[in-house]
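What follows is one structure encoded as structure tokens, with my remarks underneath.
The values are calculated or read from the model by the stated rules, or taken from the named source; none is laboratory data. Just so we're clear, the structure is a prediction, and the values are computed from it rather than from any experiment. No Cβ is skipped: glycine too gets one built from the backbone with ideal geometry, and neighbour counts run over all protein chains shown.
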Amino acid sequence: MRTWLMTTAAMALAGAAQAAVIEVAAGPNAQERAQTALIDAKPGDTVAFGAGRFEFTDGLSLDIDDVTVKGAGPDKTFLDFKGQKGGGDGLLITSDRVVVRDLAVQDTRGDGIKAKGVDQISYLNVLVEWTGGPKETNGAYGVYPVSSTNVLIDKVTVKGAADAGIYVGQSKNIVVRNSRAEFNVAGIEIENSMNADVYDNVATHNAGGILVFDLPDLPQQGGHSTRVYRNKVVDNDTKNFAPKNSTVAAVPTGTGVMIMANRNVHIFENEIDGNQSAAVMLIGYRQPIKDAKYEALPRDIVVRDNKIGRNGWAPTFVGGAELAAATGGAIAPVLWDGAETFTRAGQSVTHDVNVVLTDGPVLNLNLPTPGDLAEAKPAVTPTLAGTPVAEPKPVVLPAAQAALTP
Amino acid sequence: MRRLAAALILAASLLGAAAPAPQVDVARLLDETPAPILADYRLFADAGGRRPNAGLVPYTLNTPLFSDYAEKFRYVFAPPGTKVGYRAEGPLDFPVGSVLVKTFAYPADFRRPDEQVRFLETRLLIHRRTGWVALAYVWNDAQTEAVLKRAGTRLDVNFIDAKGQPRHVDYAVPNVNQCKECHSLDGQIAPIGPKARNLNGPFAYPGGRENQLAHWRRIGLLAGGPTKAIAARTAVWNDPREPLADRARAYLDANCAHCHNPRGMASNSGLFLELEQTDPTAQGVEKRPVAAGRGGADFAYDIAPGDPSQSILYYRMASTEPGVMMPELSRSLPHEEGLALIRDYIRSLK
């Protein structure tokens, strides 16, 4: 037993002193070799995929803390899941302080790179794509951190996701930057999450560019404190191809930025252009709600200083054409449903909803409750500025993670 | 009783009547480095893993996980001098050094289930000092040795099913991470099946039929808990004498709730299918999908009461397409009989 303890101690010291690089080369039997490397890695190690195409029959997974999974570049290392027979995800990460970088994940049957319930997950210089273009049968999410804390997504490209390309769900302390989402249903989506900074990204040719949502019946809800700034949200013109009852199926083709429910969201200094339904849309959750804790209305929303080009000229949502015709020919740059009352668990809930919409003109539908379009009393005003809302402080990641660069 | 048996073995060996039977190697089980071959643990008296060693107690579950129609031979072992502690909820309290042994096997023909039974893999769930660990040992074609396979593998399996039809399974042996994906509670590995309520049923022991909990208690394996048959009991999913809802909930508990519970891998879904769950929305009734993607098909709800054909839960259980099918692991075929049960159950809901 003493020998065993000493051996373990020696191994631990050695592990701390010199992290290993476990190389995985392209070639036959990639599944077992790659998965073995991901199992054998010790904290501090790097699993390095070489250049080339790796063909997998099942999902891969990593459950060791402090491991870097890297390739030779997203244009050189291709993790190909076209032949996947089982498992939903391409790569599933369930350990803390993992970095995934410099590789491409292609054609997963479910989600691309998922991280569940972890701390300090970083995606750097990664491409996730479905190579057959936008299809309802593609996987839902490209990069998919969920129920996690300290999320960094930097220089990531996602193409073809049937839900959201870059999706962060039920997480806290999030940075999404320098990334590109195209030909997805939603480009970038922050859902049921707290403290997110989404900046310097490009969201183009999706059905909707950037979404900030909050949904009921989930372990973490009450999303708040998100800043969406300096992004290019342009030409989101791919017809919505989501399964028709999914939440994102309700995102009108040609939407720039959409806020649903959620609180304290600041949209500023973005370039929003070429989105045929609307530049910015603020709406309440319009399905029946049984969840007694859920807040269905967007509250404390700031839309300011965006460079808003031509948007809203041919809205694709029901009643959109009539609405455009009645309000000057196009949907105004900022559309708010105006609802201040909703019903949950049989109770009517009313909030004095505060919005600070200094970009405009603003089209306020003045709906009595979310989704009640028949009762709309549309009114266009140059702006709609309520009480100023303090901007959340910049998201600060732990030092080691903040030091990572793509 | 166990002590008595041990004493008898000891006495026999002292008398030189027979060489002492090698006992289960508890130290090997507890070693942080897993044994490369199954035989090293001496869990079985024969090389082929067909005859359990002394101390291994066979058990079954009222309602098990469906695994592509594989037969499962389950054993529990607790080190001599220790007992399993009763827990009314969750898995029983297995002492350190315990091991749960499960061999997955297919008879060549399910109409003659006891003949030509091919062992595929034997999975161990070992309770080490540092927690539970899950390992899979894959049997060779000669059925003489099972070797540790940490990265998983796929095996071709052909069999004749109970209706006489030839079937093929692209059988997946899970890798150690996949073991944990199901056997995970708050990120730690834990047993799933051996809960008091799911063990609360009869087993045909060599000495006769007996309730498993009563048997475990009688042989000194189980301590504590109610002695009468008042303990909670998981319904037997395919016993038509039991209420439909109880059977369906038991089936969902065994096949889904290891992930779909508030502490499991699918906690983020908000769909919670454990038997203890009381919130209908959390159970899926008129619950909208969140991250289902194409798994949601075009349906609005996980369970549309009265309408299985519009229920995501049923759709995903019936699918064999990766990314759609549920559970994600453990099956590649649809479970026709289980599906029929869930179909009837959803139809019965209003």
For this session: Just give me the residues in segment B:272-288 being out of contact with any strand residue (DSSP E or B) (no Cβ under 8 Å at 6 or more places or on another chain) and either of a type in the set (Asp, Glu) or at the interface with chain A (Cβ under 7 Å from one of its Cβ atoms) (or both), in sequence order.
Result: B:274, B:276, B:279, B:281
For this session: For segment B:191-281, please list each of the helices (runs of 4 or more DSSP H) lying entirely inside it that holds at least 1 residues being closer than 25 Å to residue B:308 by Cα and aliphatic (A, V, I, L, M).
Result: B:244-255
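Being β-branched (Val, Ile, Thr) and surrounded by fewer than 24 Cβ atoms within 10 Å (Cβ to Cβ) is the filter; apply it to segment A:58-76 and report the residue that is nearest to the other protein chains (Cβ to nearest Cβ). Break it down into steps so the answer makes sense when it comes.
Filtering segment A:58-76 down to residues β-branched (Val, Ile, Thr) leaves A:64, A:67-69.
Right, trim to surrounded by fewer than 24 Cβ atoms within 10 Å (Cβ to Cβ) and you get A:64, A:68.
Numbers: A:64: 9, A:68: 17 Å.
Top of the filtered list is A:64.
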For this session: May I ask you to say which residue of B:340, B:297, B:318 is closer than 29 Å to residue A:142 by Cα and more than 13 Å from every other protein chain (Cβ to nearest Cβ)?
Result: B:318
Exercise. Is it the case that segment B:50-59 has a residue that's away from every other protein chain (no Cβ under 14 Å), part of a loop (DSSP other than H, G, I, E, B) and among the aliphatic types (A, V, I, L, M)?
Worked result: yes
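Please go through segment A:130-146 and pick out each residue that is among the small types (Gly, Ala, Ser) and buried (at least 20 other Cβ atoms within 10 Å of the Cβ). Walk me through it before giving the result.
From segment A:130-146, those among the small types (Gly, Ala, Ser) are A:132-133, A:139-140, A:142; that's our starting set.
Answer for segment A:130-146, where residues must be among the small types (Gly, Ala, Ser) and buried (at least 20 other Cβ atoms within 10 Å of the Cβ): A:139, A:140, A:142.
May I ask you to list the residues in segment B:159-186 that are in a loop (DSSP other than H, G, I, E, B), among the acidic types (Asp, Glu) and within 13 Å of chain A (Cβ to nearest Cβ)?
Answer for segment B:159-186, where residues must be in a loop (DSSP other than H, G, I, E, B), among the acidic types (Asp, Glu) and within 13 Å of chain A (Cβ to nearest Cβ): just B:186.
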For this session: For residue B:100, work out the one condition from (1) surrounded by fewer than 18 Cβ atoms within 10 Å (Cβ to Cβ); (2) within 23 Å of residue B:328 (Cβ to Cβ); (3) modelled with pLDDT of 95 or more it doesn't fulfil.
Result: (1)
Exercise. Which residue pairs have Cβ atoms under 6 Å apart, sit 6 or more places apart or on different chains, and have a first residue in segment A:190-212 that is in contact (Cβ under 8 Å) with a residue 40 or more places away in the chain and a second that is of a type in the set (Asp, Glu) and buried (at least 24 other Cβ atoms within 10 Å of the Cβ)?
Worked result: A:211/A:189
Seminar exercise, completed: (1) under 18 Å from residue A:194 (Cβ atoms); (2) at the interface with chain B (Cβ under 9 Å from one of its Cβ atoms); (3) β-branched (Val, Ile, Thr) all hold for residue A:108 apart from (1)
Problem set entry | Every residue from segment B:226-262 that is modelled with pLDDT under 95, surrounded by 15 or more Cβ atoms within 10 Å (Cβ to Cβ) and of a type in the set (D, E, K, R) | B:233
Seminar exercise, completed: Within segment B:187-232, residues within 14 Å of another protein chain (Cβ to nearest Cβ) and under 11 Å from residue B:86 (Cβ atoms) come out as none
For this session: Could you check how many residues of segment A:26-52 are surrounded by fewer than 21 Cβ atoms within 10 Å (Cβ to Cβ), within 14 Å of chain B (Cβ to nearest Cβ), not basic (Lys, Arg) and not in a loop (DSSP other than H, G, I, E, B)?
Result: 4
Problem set entry | Residue under evaluation residue A:129, criteria (1) within 14 Å of chain B (Cβ to nearest Cβ); (2) over 29 Å from residue B:281 (Cα atoms); (3) without any contact (Cβ under 8 Å) to a residue 40 or more places away in the chain; (4) charged (D, E, K, R), criterion not met | (1)
For this session: Among what's in segment A:134-156 and is under 21 Å from residue A:218 (Cα atoms) and of a type in the set (Val, Ile, Thr), pick the residue that is nearest to the other protein chains (Cβ to nearest Cβ).
Result: A:146
